[in-house]
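Read the figures in this text as sums done on the coordinates, not as results from a lab. Since we're looking at a predicted model, the values are computed, not measured. A quick note on method: Cβ atoms are made from the backbone with ideal geometry, for glycine too, and the neighbour counts reach across all protein chains shown.
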Amino acid sequence: MQLKPEILKLFKKVKPWAFMIALFLVLRYTGILAGISDITSRAILQTGAMDASTETPSVDKSFDYGFTLTDIKSERIDVSQFKGKTIFINLWATWCGPCRAEMPSIQSLYSKVDQDKVKFIMLSLDQKDPLSKVSSYIENKSFTFPVYFPASTLPNLLQVRSIPTTFVINPEGKVVYKEMGTANYDTDKFLKFLMEQ
């Protein structure tokens with residue numbers, strides 16, 4: 001049985017697209033695509049082109065402390081216990097390459113701040129089996145910043161459309177910083193901004 005010439009022509013046109021779609025799906029569902037994104041984002045971060053700006057317009061909204069989180073040990077945390085402190089909040093997920101790319105800069109920043117004055121909330125938005133997946137990732141990377149998961153409905157401000165998204169809340173409860181997308185937070189300028197809140 002021989003294929004008709006029209007079918008052969010169609011097959012030749014579709015074949016490259018089918019291959020590209022299949023390749024994308026394999027990369028996406030094996031996690032390799034996130035790794036590639038992670039590597040390219042880190043390379044760009046090292047150029048300094050994506051250093052966190054402290055001149056972003058302040059959001060100047062009041063922060064809603066009325067929600068709870070669970071930590072990596074499954075203990076519930078009432079966010080209101082952080083009132084009166086500067087809070088660095090980063091929304092991220094293990095499957096997000098740009099999130100993973102900025103994590104080393106956040107770890108470095110975390111190690112430099114006065115942790116009595118500045119509290120970090122690394123808020124994982126992973127869905128399936130988040131505790132084991134996130135715990136394994138954090139341990140493998142030797143990150144020491146505190147990681148949390150939503151334990152109640154997040155306030156509107158934290159229901160973001162894209163990740164990574166980062167906020168800084170000052171001790172008076174005002175949102176003074178918002179960054180959507182990957183940034184390098186390990187700069188003297190950003191450290192000074194954070195400590196002066």
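Structure above, values below:
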item	result
DSSP-assigned coil residues among trypsin sites (Lys or Arg not before Pro) in the range 117-173, each with at most 14 further Cβ atoms within 10 Å	Lys117, Lys128, Arg161
Filter on Lys141/Lys178; Lys117/Lys174; Lys112/Lys141; Lys61/Lys83; Lys61/Lys128 - keep pairs with C-alpha separation over 23 Å	Lys141/Lys178; Lys61/Lys128
Estimated distance in nm for a label pair at Ser152 and Thr68, the labels positioned 7 Å out from Cα along Cα-to-Cβ	0.7
Cut-off under 5 Å, modelled amide H: who pairs with Met122 long-range	Asn90, Tyr148
Volume per residue of the C-alpha convex hull in the range 68-195, rounded to whole Å³	103
